[in-house]
Amino acid sequence: MTKYVNHDLKVSPTPEEAARQTFMSSMRMYVLHDLANGMRTVYESEVEPKFERKNKRTPKDGVEVHRALKKDPTFKFYSSMRCNAQEMVFRSILPTVERSQDTLNKKAKALSRSKKANGTVETDPNFKVPRSVSAIDVHRMPGNYDTEYGPDDVTQGAVYDNGISVFSMGFFGENLDDIGSSISMFIKNKYPKFAPKRILDMGCTIGHNTVPWAKAYPKAEVHAIDVGAPVVRYGHARAQAAGVPVHFHQQNAEATDFEDESFDLIFSSMFLHEVPKKGIKKVFKEARRLLKPGGLMLHMELPPNKMLGAYDSFYLDWDSYYNKEPFYKPFRDMDPRAVCADAGFAKSKFVQYVIPSLGQYGEKAVKDSVKKQTGKADDQTGRFAAGIHWYCFGAWK
Amino acid sequence: MSTAGADKKPLRYSVRGKDTRFFSAEGVDELVAISMALAQELWVVKERLAAYEGLAAKKKVFTAKEIEGFKFTPAQRAKLDAESQAFIDRVFFTLRERVEGLAADPDEPAPPKEP
Ligand SMILES: C[S@@+](CC[C@H](N)C(=O)[O-])C[C@H]1O[C@@H](n2cnc3c(N)ncnc32)[C@H](O)[C@@H]1O
């Protein structure tokens, strides 16, 4: 259900719509847990041994696993059902959002103007949305982040908010902010003397993972950018409703309007894997330009293929082939250290962390993880399964 | 499907560049999609029935309006959520069997040779 949308822009599904939505959370759990585990069992007990007999070695990477598994009906059912489940998640919330469209737009406008917090929002009618966003329904979300159904429209923000509420099955936390909450708590404890005055979140969508940074560092001025106008409008209204001041801008992270050396902390989450390789390089250069000396750039992402075994690489790369995430594998094939170094960050200033989810493990575990970093990812990293951990990397300037 | 008023642009429901094809036999991908949707609709009915039962237990007499407004208690909700997992498992049992069936006994007596 849309039960993790608990703010002033909450929508009210009819009992039938709510049943379709809760069903989709259960269905996704079945696909990502039962079917996914089954596929691994079939791989380990049939597909891999067959490969080994033929080639006298095990598959060396995700591509070889993929090729070997592709013909198996288990793979086909898993894939077919995962694609359908993904689309059905969005279709389960669309009628509810559609019915509330006018109300949502009115409420968002009122919240934007309200004095509940001193945030701001800027959109640009002449803004050119990059084709990597405008020409595709990323992860099968009809309308993507940028479709506008009218002036000052916030619809796609609501589609995303309610969609990920059903999609995340609880793993994103009660307010869909587990990533931002876990990582900001980790950074505060890891670097107690670090007190950023200006923070930027790149590719913020509806600011659900921006707000925790503003809460963690209440004295900081927090900015958030995204190329989608409806999502930044919605994000601003959502932050205002929470009484948290955040300044939202419709801007491209590859080339922003901000001044050189104007931020102490630049964060992003689940952003880079939706950007083409060329763009990623520009984003890192831009982050370096925007950071003050001594500032930190930190990106939460799916773990790179380099950190994973062949099967886990295949498993995460599945989205890139079949879930309208064309940039996901190219990004995960990149070496995080090299991307930072290429943008001019000193090699010795590279950082990477695997952080337990605050919602699943609690505060103590997040704080304890400050001392327990191994720099390794496992099959719980970045995946919707019991015991989820968030991977992030970046560099100090 | 659209629930928008006549003056409004309906929201987009389908994904641009629909591209999901995994089975070589024609129609199987569609059948998967259809059976998932059926499962979902059947679940809607089951949940609605549970609402009837919940209400009947509470009141003995009820109106349609009362059913529409019925809300599950947290305990009833938790029970339903657990039941929906079991329900999915039943509908898609054939896929579980594909995995669990791997545990064949090497000594299993073979059937007669197929003609
Ligand atoms: C998966 S969402 C990220 C959601 C959010 N940060 C989170 O933590 O869940 C990716 C976002 O990046 C945005 N985006 C893609 N390319 C961009 C670019 N070049 N500049 C800024 N935002 C971009 C998309 O519009 C989308 O809202």
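The values are calculated or read from the model by the stated rules, or taken from the named source; none is laboratory data. Quantities reported herein were computed from a predicted structural model and do not represent experimental measurements. Here the Cβ positions follow ideal geometry from the backbone for every residue, glycine too, while neighbour counts run over all protein chains shown. The accessibility values were calculated without ligands, DNA or RNA, using every heavy atom of the protein model including side chains. Shrake-Rupley method; radii C 1.70, N 1.55, O 1.52, S 1.80 Å.
Count, please, the residues in segment A:133-155 that happen to be touching a residue at least 60 places away in the same chain (Cβ under 8 Å) and over 16 Å from the mean Cα position of the chain (by Cα). Outline the logic, then answer.
Going residue by residue through segment A:133-155, those that are touching a residue at least 60 places away in the same chain (Cβ under 8 Å) are A:133, A:136-140, A:144-148, A:152-155.
Now drop any that are not over 16 Å from the mean Cα position of the chain (by Cα), which leaves A:136, A:146-148, A:152-155.
Total satisfying the criteria: 8.
Here is a check on your reading of the model: is A:H236 more than 12 Å from the ligand (Cβ to nearest atom) and touching a Phe, Trp or Tyr at 6+ places or on another chain (Cβ under 6 Å)?
Values: more than 12 Å from the ligand (Cβ to nearest atom): yes; touching a Phe, Trp or Tyr at 6+ places or on another chain (Cβ under 6 Å): yes.
Against the criterion (more than 12 Å from the ligand (Cβ to nearest atom) and touching a Phe, Trp or Tyr at 6+ places or on another chain (Cβ under 6 Å)), A:H236 qualifies.
Return yes or no: is A:M29 modelled with pLDDT under 95 and under 29 Å from the mean Cα position of the chain (by Cα)?
Working: modelled with pLDDT under 95: yes; under 29 Å from the mean Cα position of the chain (by Cα): yes.
In short, yes.
Within segment A:51-62, which residues are in contact with a Lys or Arg (Cβ under 9 Å, 6 or more places away or on another chain) and over 22 Å from B:L102 (Cβ atoms)? Walk me through how you get there before you give the answer.
Pass one, segment A:51-62, residues in contact with a Lys or Arg (Cβ under 9 Å, 6 or more places away or on another chain): A:51, A:59, A:62.
Selection gives A:G62 alone.
For segment A:342-364, give me the residue count where each residue is aliphatic (A, V, I, L, M) and open to solvent by less than 30 Å² (accessible area, probe 1.4 Å).
From segment A:342-364, those aliphatic (A, V, I, L, M) are A:343, A:346, A:351, A:354-355, A:358; that's our starting set.
Subset that is open to solvent by less than 30 Å² (accessible area, probe 1.4 Å): A:343, A:351, A:354-355.
Of the residues in segment A:342-364, 4 are aliphatic (A, V, I, L, M) and open to solvent by less than 30 Å² (accessible area, probe 1.4 Å).
Going residue by residue through segment A:249-258, is there one that turns out to be within 11 Å of the ligand (Cβ to nearest atom), open to solvent by 20 Å² or more (accessible area, probe 1.4 Å), more than 19 Å from the chain's Cα centre (by Cα) and away from chain B (no Cβ under 14 Å)?
Within segment A:249-258 (the criterion being within 11 Å of the ligand (Cβ to nearest atom), open to solvent by 20 Å² or more (accessible area, probe 1.4 Å), more than 19 Å from the chain's Cα centre (by Cα) and away from chain B (no Cβ under 14 Å)), the answer is yes, since at least one residue qualifies.
Pick from segment A:83-125 the residues that are away from the ligand (no atom under 16 Å from the Cβ) and part of a loop (DSSP other than H, G, I, E, B): which of them is farthest from A:E221 (Cα to Cα)? If you could, list the steps in order and put the result at the bottom.
At the first step, the residues of segment A:83-125 found to be away from the ligand (no atom under 16 Å from the Cβ) are A:83-85, A:87-88, A:91-120, A:125.
If we keep only those that are part of a loop (DSSP other than H, G, I, E, B) too, we end up with A:114-119, A:125.
On the way: A:S114: 19, A:K115: 17, A:K116: 16, A:A117: 12, A:N118: 11, A:G119: 10, A:P125: 25 Å.
Result: A:P125.
May I ask you to list the residues in segment A:45-85 that are at the interface with chain B (Cβ under 9 Å from one of its Cβ atoms), crowded, with 17+ Cβ neighbours inside 10 Å and touching a residue at least 24 places away in the same chain (Cβ under 8 Å)?
Listed by number, the residues that qualify are A:T74, A:F75, A:F77, A:Y78, A:S79, A:M81, A:C83, A:A85.
Would you confirm, using the coordinates I've provided, whether A:S25 is assigned to a loop (DSSP other than H, G, I, E, B) and either of a type in the set (S, T, N, Q) or at the interface with another protein chain (Cβ under 9 Å from one of its Cβ atoms) (or both)?
Working: assigned to a loop (DSSP other than H, G, I, E, B): no; either of a type in the set (S, T, N, Q) or at the interface with another protein chain (Cβ under 9 Å from one of its Cβ atoms) (or both): yes.
No.
Could you run through segment A:25-44 and say how many residues are open to solvent by less than 60 Å² (accessible area, probe 1.4 Å) and not hydroxyl-bearing (S, T, Y)?
9
Restrict the check to segment A:114-126 and report whether at least one residue is without any contact (Cβ under 8 Å) to a residue 12 or more places away in the chain, open to solvent by 10 Å² or more (accessible area, probe 1.4 Å), more than 9 Å from chain B (Cβ to nearest Cβ) and under 23 Å from A:P245 (Cα atoms).
Keep residues of segment A:114-126 that are without any contact (Cβ under 8 Å) to a residue 12 or more places away in the chain, which gives A:115, A:125-126.
Restricting the remaining residues to those that are open to solvent by 10 Å² or more (accessible area, probe 1.4 Å) gives A:115, A:125-126.
The next check asks that each one be more than 9 Å from chain B (Cβ to nearest Cβ); those that pass are A:115, A:125-126.
Subsequent filtering for residues that are under 23 Å from A:P245 (Cα atoms) retains A:115.
Yes, segment A:114-126 has at least one match.
One residue is enough: does segment A:179-199 have a residue meeting the conditions in a loop (DSSP other than H, G, I, E, B), within 13 Å of the ligand (Cβ to nearest atom) and open to solvent by less than 40 Å² (accessible area, probe 1.4 Å)? Steps first, answer last, please.
The first filter runs over segment A:179-199 and keeps only residues in a loop (DSSP other than H, G, I, E, B), leaving A:191-197.
Restricting the remaining residues to those that are within 13 Å of the ligand (Cβ to nearest atom) gives none.
No - not one qualifying residue is present in segment A:179-199.
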